[in-house]
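Note sheet for the following structure.
Every read-out reported here was derived from the displayed coordinates using simple, explicitly stated rules and does not represent laboratory data. On a predicted model such as this, the values are computed, not experimentally measured, just so you know. Here the Cβ positions follow ideal geometry from the backbone for every residue, glycine too, while neighbour counts run over all protein chains shown.
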Amino acid sequence: MVDSSGTGEEPLADGFAAHEPWAFEEAYRRYGHLLYSTAYNVLGNADDAGDAVHDALARVWRSHNAYSRARGAVRSFLTVCVRNEAISRRRAQSRRLRLEDRLAAEPEQHDELPSNDPIERDRLRAAMSRLPDEQRAPLQLAYFEGKTHTEIAHELKIPLGTIKSRIAIGLRKLAAALGGTRE
Amino acid sequence: MSELGNFEHIGDAADLYAVGALDDFEQAAIDKHVAGCDECARLLGAAEARVTVLAEADARHKAPVQLERRVVSTVRARPSRPRAFIPAVAAALIIGLLPSAYFWQQNQAMHAEMAAQGDAMTRVASMPHRSVAFTDMTGGAARVMYSPDGTWYVIFIRGATRALSVAWMHDGQRTMLGTATPHGDAAMLFLPKSHRMDQLALLDGEQVVAEAQLAY
C-alpha cells in the first residue's frame, strides 16, 4: 500500500488513471462526503445513497478505461458518476413506487457536515432563481427533478436542440455565479 | 458548429450528460465514445466541473463510516489487473509479428468507427427521436433510437458478449444492415438510411435473439 498522505491532485489523478488501488481509496477519503451528499440529495434516503456511491465506484473500479487524465479532476468525474447513478436509481424507483408510498416514508435521522450553513445551502437555489426563465426551467427539471432532455422537451414543448443549448448556457451561468469551476 | 466547439463529437451533449439529463443508453453511448476520444473527454470534464460546483454548494450530508469500509473492501477484493505487461506485449506484436499495413487498416477502421459514433451522438443528443427496446433480449438489453422520418437509426446493446448482426425484417425477408461489435460490454451501430423500417431484429449467427417493432 502506497502512503498517499499529502498527495496532491495531480498525483492522485495520475494514480486514478493508472488504476492504482491506493488512488481509489484516497479519492474516496477526500471526496466521500461530497459523493454521498450528492447521492443523498437525489435519492433522499441514506441506504439508497450509500448503495449509489458504492455501486458507481465499483463500476468505475471494474472498468479500466472509464477515467483518463483528459477528463480533468477526479472529484468532478466521480461526482457526476455518482449523481448519474443516483438519478438512474431514482428513475427506476419512480417507475416502481407510487408517489403516496414515498410521501409516507419516515424522515431519516442524519448527520450533517459541520459547515452546514443555511445561507450556503440556499446559494444554489438563489443563483438558480436569478437565471432567466428560459434557462432556469429546463435546468431545474434536469438538475433537481432528474428528467431527461426528451422529457423536458416534451414537458416544456420546446425542441430538443433548444433544450440542450439552454441547459448548457444556464449551467455555465450558474457555475460562474457560484464561484466558477475549479479544476 | 455548436457554441461549444466541435459539433462532430459530443458537443453540448456533454452538459446534458453532466447534469444527468440523458437516459442510461445515451450515457453509455457517450462513455463509449469518450473512452477513445480525448477531445470529448476534455469537453465532458469541463461540464462535470461545472456540475460539481453546484453539487458542492448543496453538499450537507456526512457519509456514514461504514460506507468507506464497504468501498475499500470492494477495491481490495478485486485488485486491478497487472497492466505493466500490456505495453511490452503490444511492442512485441508491433515489432515482430504484424505488418504495418495491418495497423494502418486498423487505424482507418477505428477512425471510421469513431466518426460514426460522433455522428450518432450528435443525432441522439440534438434531434427529435423515438426510442424502442428490443424484446426478449436475454443476458442484456438493447434499444433502437431512430428519427421519426426514418433517416437514421442507432442500435445500442448493453451486456453484449459477442457481435450481433442487425437485420430489417420485411415481406417475409431479412435484409442484413450491419454488425454491432462489442467494446467492453456495450455495442453500438449507427445506420443512416433513407427509408422507414418498422421491424428490426438482432441475430447471433442465423438465430434471431431479439426483435423491435418501430412506430412512425
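Extension gain for A:Asp47 to A:Asp122 (0.36 nm times residue separation, less C-alpha to C-alpha distance): 24.5 nm. Shielding value for A:22-34 is 4, the average number of Cβ atoms from other chains within 10 Å of each residue's Cβ. Per-residue Karplus couplings for the range A:75-80, computed as 6.51 cos²θ - 1.76 cosθ + 1.60 with θ equal to phi - 60°, are listed in order as 4, 5, 4, 5, 4, 6 Hz, Gly and Pro entered as x. Counts of other chain beta carbons within 10 angstrom of each beta carbon in peptide B:30-38 average 3. Distant-in-sequence amide contacts of B:Phe134, defined by a placed amide H-H separation under 5 Å and a gap of 5 or more residues or a different chain, comprise B:Ala142, B:Arg143, B:Val144. The HN-Hα couplings worked out from phi for the range B:34-40 by the Karplus form 6.51 cos²θ - 1.76 cosθ + 1.60 (θ = phi - 60°) are 5, 4, x, 9, 5, 4, 6 Hz, whole numbers, x standing for Gly and Pro. The modelled label-to-label distance between A:Lys157 and A:Ser63, using points 7 Å beyond Cα along the C-beta direction, is 3.8 nm. What is the Cα radius of gyration of the range B:154-216 over 2.2 N^0.38 Å, N being its residue count? After normalising by residue count via 2.2 N^0.38 Å, the value is 1.08.
Rounded to the nearest Hz, the phi-derived 3J(HN,Hα) couplings of the range B:17-30 under the Karplus curve 6.51 cos²θ - 1.76 cosθ + 1.60 (θ = phi - 60°) are 4, 5, 7, x, 9, 10, 7, 4, 5, 5, 4, 5, 5, 5, where x marks glycine and proline.
For the range A:1-92, dividing the convex hull volume of the Cα atoms by the residue count gives 90 Å³ per residue. Neighbour counts of other Cβ atoms within 10 Å put B:Glu206, A:Glu145 in the fewest-to-most order B:Glu206, A:Glu145. Straight Cα distances below 28 angstrom link A:Lys157 to the lysines A:Lys147, A:Lys173, B:Lys193, with same-chain residues fewer than 8 positions distant left out.
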